[in-house]
Amino acid sequence: MNTGLQIYLVDDQPAILKALSRLLNSAGYAVQGFASASAFLASVDAQAEGCLILDLAMPEMSGLALQQALSERASLLPVIFLTGHGDIESGVRAMKLGAVDFLTKPVDAERLLTAVAHACASNRRARDTDQELGAIRQRLATLTPRETEVLDLIIEGLLNKQVAATLGAAEKTIKVHRARVMAKMEVRSLAALVRMVDRVRHS
């Protein structure tokens with residue numbers, strides 16, 4: 001059972017919402033359904049956790065438009081498209097925007113549940129990574145401007161005396177700054193510091 005995991009459904013057909021809700025409820029998921037993309041956006045935080053099952057063709061705002069809106073809000077919510085009007089072009093666009101699956105109606109129950117399980121697992125990993133990166137950014141924000149300068153130079157591989165020469169400071173002073181950087185970043189080795197900063201700057 002997957003009790004506690006939230007699944008959001010967006011489909012303009014009440015019968016589809018009802019059938020999907022019944023299926024997902026029986027698998028232990030908490031389900032919240034919406035008849036339009038605008039209703040979903042008005043009610044659900046873009047940073048919500050769980051999974052979104054989304055119809056492609058809907059009046060007013062299409063599924064692809066909703067997916068784009070979530071992407072612009074840096075949402076980590078995985079999107080599974082479920083549509084009766086799928087085509088290759090739409091499928092490609094959806095996957096390029098990060099959709100985890102593109103299924104057609106009527107969908108096999110087992111296939112849908114498998115896709116939902118994978119999407120929820122993906123969401124957990126993405127949220128864990130986002131939290132880790134957020135913690136690193138918070139540590140970086142505690143560095144003084146001079147400590148940030150020292151950080152940038154030591155991760156380039158410069159020795160303390162080279163950093164001192166570059167910044168016009170005494171080597172002893174650089175050693176103090178370096179120790180403070182390591183302490184604030186909560187690392188014990190230069191290699192760990194390089195990996196940490198690299199993760200943030202390439203995320």
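What follows draws every value from the coordinates through simple rules; no lab data is involved. Values in this document were obtained by computation on a predicted structure and should not be read as measured data. When we count neighbours, we look across all protein chains shown, and the Cβ atoms used for this are built from the backbone with ideal geometry, even at glycine.
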Next item on the list: Taking the Cα centre of region 53-135 as origin, work out the dipole magnitude from +1 charges on Lys and Arg Cβ and -1 charges on Asp and Glu Cβ, in debye rounded to 20.
Entry: 120 debye
Check: Of the listed peptides 135-141, 25-31, 150-156, what is their order by residue-averaged count of other C-beta atoms within 10 Å, with the highest listed first?
Finding: 150-156, 25-31, 135-141
Check: Mind checking the dipole of the chain: about its Cα centre, +1 per Lys or Arg Cβ, -1 per Asp or Glu Cβ, Debye to the nearest 20?
Finding: 1100 debye
Check: In debye to the nearest 20, how big a dipole does region 6-67 give about its Cα centre with +1 on each Lys and Arg Cβ and -1 on each Asp and Glu Cβ?
Finding: 220 debye
Check: Taking Cα atoms, how many degrees apart are the long axis of helix 171-185 and the longest axis of the chain, rounded to 10 and kept between 0 and 90?
Finding: 20 degrees
Note to self: Output the 0 to 90 degree angle, nearest 10, between the alpha-carbon long axis of helix 14-26 and the longest principal axis computed from the alpha carbons of the chain.
What the structure shows: 60 degrees
Check: Okay, which of region 98-142 sit inside 12 Å, backbone N to the point 7 Å along the Cα-Cβ direction of S71?
Finding: 98-100
Margin query: Counting only other residues whose beta carbon sits under 10 Å from that of L167, what net charge do I get with K and R as +1, D and E as -1?
Written below: 0
Check: For Kirkwood radius over Cα pairs in Å, the choices are (1) 17.8; (2) 19.7; (3) 17.3; which was calculated from the structure?
Finding: (2)
Next item on the list: Select from V100, L167, G63 the residue farthest towards the positive end of the dipole of the chain; place +1 on Cβ of Lys and Arg, -1 on Cβ of Asp and Glu, and compute about the Cα centre.
Entry: L167
Checklist line | ³J(HN,Hα) computed for each position of region 36-46 - Karplus, 6.51 cos²θ - 1.76 cosθ + 1.60, integer Hz, glycine/proline x | finding: 8, 5, 5, 5, 5, 4, 6, 10, 10, 5, 4
Next item on the list: Mind listing the long-range amide H neighbours of Y29? Cut-off is under 5 Å, sequence gap 5 or more, other chains count too, H placed in the peptide plane at 1.01 Å from N.
Entry: N2
Next item on the list: For a quick protection proxy, order the peptides 36-45, 58-67 by their average other-Cβ count within 10 Å, most packed first.
Entry: 58-67, 36-45
Item checked: Furthest towards positive pole of dipole, M185, A42, H202, structure part the chain, Cβ charges -> M185
Checklist line | Under-22-angstrom lysine pairs by C-alpha in the chain, whenever the two are 8 or more apart or on separate chains | finding: 7
Next item on the list: Quote to one decimal, in nm, the extra length available between A135 and S203 on full extension: 0.36 nm per residue of separation minus the C-alpha distance between them.
Entry: 23.1 nm
